[in-house]
Amino acid sequence: MSDYSRSAYESAKRRAGTLLTGALSAALVMIVLLGVMWAVEVVDFTMNGSLDREFGIVGLEPSGLMGIFFAPFLHVGFGHLMANSLPLLILGFLAALRGIGRFFAASLLIIVIGGIGTWATSGLDTVTVGASGLVFGYFGYVLARGIFDRRVFDILIGIGVAVVYYSILWGLLPNQQGISWQGHLFGLLGGVISAWLLRRKREAL
């Protein structure tokens, strides 16, 4: 084997190892995150849903702003949580592939931007809970990351996500009773903004 071939092989081996490590870390983080959500829902079930009312985002109520950080972990029953679990697992995993630190930063930005937007545009005393804001946020983040980072791998992931999950964009329309389109819209915006703020820095020429 020539020195060039050996170097190319070692480089490919390192990239594969890095990708595998990132995938395992991303999977572990998402499994733990979902596990926490399910544990919280079990507790909320035993308390007749009182956690939703106490820690959800209460529209236009100053004290309801604290719910921004708790609402993504709360759901209106197990059916609500089940509907969010698979897309959250898949999109969160793809969002976390580029590094756990970057993923947590993006998640925080999505929660804050999505939560404040939901609080400001929801009706007075409206209580909003659920991880769908994160789902839309990760969707927007994965799509925009490929555009802003200009990595072929991320662009391909973004295209795949767009093809498979484009139908969730119907959730942005304010025509579904009991569904927070505000949380979806501002979660999506939070994901795009996160991808821009956390984009890969390029060296000046």
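What follows is calculated from the coordinates using simple rules that are stated; it is not laboratory data. All values derive from a computational prediction rather than experimental measurement. In this analysis, Cβ positions are derived from the backbone assuming ideal geometry, glycine residues included, and neighbour counts consider all displayed protein chains.
Observations on the model:
- Cα gyration tensor category, rounded, prolate or oblate, for segment 99-187 with a/c compared to 1.5: oblate
- Between helix 3-46 and the chain: long-axis angle, C-alpha atoms, 0 to 90°, nearest 10: 10
- Projected label distance in nm at residue 54 and residue 164, using a 7 Å step from Cα toward the beta-carbon: 3.8
- Angle in degrees between helix 100-121 and the longest Cα principal axis of the chain, rounded to the nearest 10: 30
- Gyration tensor verdict on segment 162-203 (Cα atoms; rounded if a/c is under 1.5, prolate if a/b is larger than b/c, oblate otherwise): oblate
- At R0 = 35 Å, FRET efficiency that the Cβ-Cβ distance of residue 38 and residue 152 yields, to 0.05: 0.45
- P(r) tail, the chain: Cα-Cα pairs separated by more than 21 Å, 55% of all pairs.
- The distance from the alpha carbon centre of segment 144-188 to that of segment 42-81 is 24 Å, rounded to a whole number.
- Computed magnitude of the charge dipole of the chain (debye, nearest 20; Cβ of K, R +1, Cβ of D, E -1): 1080
- Taking trypsin sites (Lys or Arg not before Pro) across segment 117-192, the ones in a DSSP loop with at most 16 further Cβ atoms lying within 10 angstrom of their Cβ are 150, 151.
- Computed E for residue 200/residue 20 - FRET, C-beta separation, R0 25 angstrom, nearest 0.05: 0.75
- Degrees, to the nearest 10: 132-149 long Cα axis against longest axis of the chain: 30
- Inter-site label distance for residue 69 and residue 108 at 7 Å from Cα along Cβ, in nm: 1.0
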